[in-house]
1. Per-residue HN-Hα couplings for the stretch 164-169, Karplus 6.51 cos²θ - 1.76 cosθ + 1.60 at θ = phi - 60°, whole Hz, x for Gly and Pro?
2. Can you tell me, using C-alpha contacts under 8 Å and at least 6 residues apart, the relative contact order of the chain as a whole percent?
3. Viscosity 0.890 mPa s, temperature 25 °C: what is the translational diffusion coefficient of the stretch 11-102 from Stokes-Einstein with a Kirkwood Rh over Cα pairs, rounded to a whole number of µm²/s?
4. Hey, what do the phi angles of the stretch 145-159 turn into as Karplus ³J(HN,Hα) couplings, whole Hz, using 6.51/-1.76/1.60 and θ = phi - 60°, x for Gly and Pro?
5. What percent of all Cα-Cα pairs in the stretch 129-233 falls into each 10 Å bin, going from 0 up to the bin containing the maximum distance?
6. Calculate what fraction, in whole %, of the accessible area of the stretch 1-53 sits on carbon and sulfur atoms when a 1.4 Å probe is rolled over the protein chains.
7. I'd like to check one number: the per residue accessible area of the chain, probe 1.4 Å, reported in Å² as a whole number.
8. Roughly how many whole Å is it from the C-alpha centroid of the stretch 157-191 to that of the stretch 202-227?
Amino acid sequence: MPHLLALLLAAAAWEGAARAGWVTTLLFPPPTTILAWLLDSLRSGEMAESLAASGQRLAMGFGLGAGLGTLAGLAMGLLPRLHRAFDPVIAALHPMPKVALLPLFLVLFGFSETARMVPVALVAFFPAAIAAAVAVRAIDPLLWNVARNYGAPPLMVLRRLVLPGAWPVLRAGLRLSLNAAIVVLISVEMLSGHDGLGAAVWQSWQTMRVEQLYGTLLVLAMLGLVFNRCLGR
């Protein structure tokens, strides 16, 4: 509640400053103007189309990247030899900016959905893989000994020990993966897309429709809040 009150007060101050001419409305339009555009775009279906395009790319890219990353990280955590073999590779590839590889993907896949989805999947892969590997290796060795002494089968160890024990750290990794995937998706859509929220941001800059820019950014902020809430605090 205090956060909401602070936001309302900030919006009211912004509105008053814009109406009084203290700030230029060309760059800082009143919040009521931004909300009016947002409501119009919702009624016309323009925002729904952008959300659908970006949501589909995000679901496919994040689902593929985070899913494979989680499986790879769990395997690295359970198998020390695998961890020693692949940890240097992940450490080398993780810092590489995935958006910089977009021209290569466009050459390989053309201006297709695959070329836009692959950078999103790549950027989602690494935080999930690192978090999963760290989470498994951080499980108390005493628990491993108990499972081993009681002869627990591998599937039971995975279901009763590994997944519950790794979930808190893994959840943090998935949140990082999701946030990074959203950032890269918007960047990719700005550079190569003709639809989606990123394309809407780019179009608003080209046409100087600043209310569209702020409205789209507001939608992105709300999506980020909802998605992160779904993964827990």
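The values are calculated or read from the model by the stated rules, or taken from the named source; none is laboratory data. This is a predicted model, so every value here is computed, not measured. Methodologically, a virtual Cβ is constructed for each residue, glycine included, from the backbone with ideal geometry; neighbour enumeration extends over all protein chains shown. We work out accessible area using only protein heavy atoms, side chains counted, and drop any ligands, DNA or RNA first. Shrake-Rupley method; radii C 1.70, N 1.55, O 1.52, S 1.80 Å.
1. x, x, 8, 4, x, 6
2. Computed over the chain, the figure is 26 percent.
3. Calculated translational D: 137 µm²/s.
4. Running phi through 6.51 cos²θ - 1.76 cosθ + 1.60 with θ = phi - 60° gives 5, 4, 4, 5, 5, 8, x, 5, x, x, 5, 5, 4, 5, 7 Hz.
5. Going from the shortest bin to the longest, the percentages are 14, 30, 21, 16, 12, 7, 1.
6. Roughly 75 percent, rounded to a whole number.
7. Here the residues of the chain average 58 Å² of exposed surface.
8. What the calculation gives is 24 Å, centre to centre.
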